[in-house]
Structures are given as C-alpha cells and as structure tokens.
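**Q** If you scroll down you'll find the structure; I have some questions about it.
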Amino acid sequence: MEKLRRITKAGLCLLFPSACPCCNAVTGDDLQPLCEVCFAQLKFIKSPYCSCCGRTFSSGGENHLCGVCLTSSWAFDRARCLFFYEKIIAKLIHDLKYSGKTQGISTFKWLSEQSNVLGDLDVPDFILPVPLHIKRLRKRGFNQALVLAKLLFPNEKRKIRHNILLRRTDTQAQAGLSGVERRENLKNAFVIDRVSELIGKKVLILDDVFTTGSTVNECAKVLKAAGCTKVEVLTICLSGKIFS
Ligand SMILES: [Zn+2]
Ligand SMILES: [Zn+2]
C-alpha cells in the first residue's frame, strides 16, 4: 500500500510538477515551494530588532528597545514579524486576501520554519486571529488571519479561537491613514466574548501585516482588560519604519 502511494505520488509529480506560487516557475520540490529566484528576494527579519515591538534597526548590535517603545507603552508584551513587506510576500498575501487564491499560502508554514523569531514567543493558551467585521467577512468569505493561524499552527487547532476576539465596528480600511487616524479609526472596534475563559491566560494575536501596530494594540487592550496575563503578537510581515 505504501509502495503504491509512493509510486502514485511520484507519477503525479511528473505529470503536475510543483510550481512557484509567485512566478509559476517549476520548482520540482514539494518541500521548498518557492523557486530559488523568489526565495532569494525574501527579506527575513533578523537581529538586531526592538525587543518589544520587533521593528528592526539598520545598525548592528544586540536587540534593544526602540525609541517608540522607550517612550510609549503598548498593551501587548511583545510583537514579532517574520518578514519585511516586499514584493514576494506582498503577492502571496494579496493573492490570499483579495483574489481568494490559496495555492501560495501553504508556503507560509514552510517560510515561518526558516525564520528565527518564533523562538522569542511564549507558548500561548490561545491563538486569536485579528477578526474581520461580519460585513467584510461575508463579502470576502474568509478571514485571512484565521487561515494563516491554522496554517502556521496546524497542531494547535484547539488553541485557535475565532469566537473570543470580535470586531464590533466596520472600520475604514487602515491603509493610507496616519498613525493618529488609525488609532481614532479603531477606537472601541474590538470586544471580547467569553471573558471568563481569558482570565490568567497567555494569548498570541495573529495578523498578516504590522504597520503602526495600532490594530494589534487595540486587540491587546481589550484582552488585557479581560484578564489575560500575557499578550504577544505575530504578524507575517513588517511594513514601514526601520530605525537607524
Ligand atoms: Zn518564483
Ligand atoms: Zn519597539
């Protein structure tokens, strides 16, 4: 039976060789979904980065607090991103979010395993995707943060919960807004259901892009107010400022 399965798989690979989800080049390697050219263009987040918000520094040295984290406090305890927002990652996320194409997203699991930042995060009790408002969810048909959570943590399905952190208001899209406008736009946008389940718990919030951090910070505020002892954040990519 096992032999037949292997022969069938080998036959399928010959007939339908794996294609890179970014450029469609044949990779011929199921274990490495991106072709070498696309993989070489990825920018992994590497030290030194801010030990709190995860934004990177262009100068060398150890991880330390950035100027923003030294002067203002976040509601989350720590945030980490896997990659800089550049064209390869942007295409994979765009395909998922706006075109509903999912053939590239299996790549994220593999990509996350090539990154070192996951080791900075605590083991959470719950993994909570940043929610969409019900109107946007119906229009898109899925929440990309939930899809990513399931993909990055396939063995933690019981921890991934989409019914605890909810979006109460249908906020304007954050892209194109300034930091102040983003914070105003998100005021009271999130609510918690099942508060009693969160008391004393460690939570990981998951989202696709970290820009100013306003969205995940608003989520962290309500989670801390509900009694979570630790709130950490993981996003696929980091957009915006690099500190010198
Ligand atoms: Zn490629
Ligand atoms: Zn920082």
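**Q** Being small (Gly, Ala, Ser) and at pLDDT 90 or above is the filter here, so list the residues in segment 144-195 that pass it.
**A** 145, 149
**Q** Can you tell me how many residues in segment 56-112 are away from ligand 2 (no atom under 14 Å from the Cβ), of a type in the set (D, E, K, R) and touching a strand residue (DSSP E or B) at 6+ places or on another chain (Cβ under 9 Å)?
**A** Count: 2.
**Q** Among the helices (runs of 4 or more DSSP H) lying completely within segment 23-99, list those that include at least 2 residues that are surrounded by 18 or more Cβ atoms within 10 Å (Cβ to Cβ) and in contact (Cβ under 8 Å) with a residue 60 or more places away in the chain.
**A** The helices (runs of 4 or more DSSP H) meeting that bar are 87-97.
**Q** Within segment 27-74, restricting attention to residues that are within 16 Å of ligand 1 (Cβ to nearest atom) and touching a Pro at 6+ places or on another chain (Cβ under 8 Å), which residue is modelled with the highest pLDDT?
**A** Across segment 27-74, the extreme among qualifying residues is 34.
**Q** Follow-up. Would you mind stating whether residue 112 is within 27 Å of residue 52 (Cβ to Cβ) and over 12 Å from the mean Cα position of the chain (by Cα)?
**A** no
The values are calculated or read from the model by the stated rules, or taken from the named source; none is laboratory data. Small disclaimer: the values here were computed from a predicted structure and weren't measured. Positions of Cβ are backbone-derived with ideal geometry, glycine not excepted, and every protein chain shown enters the neighbour counts.
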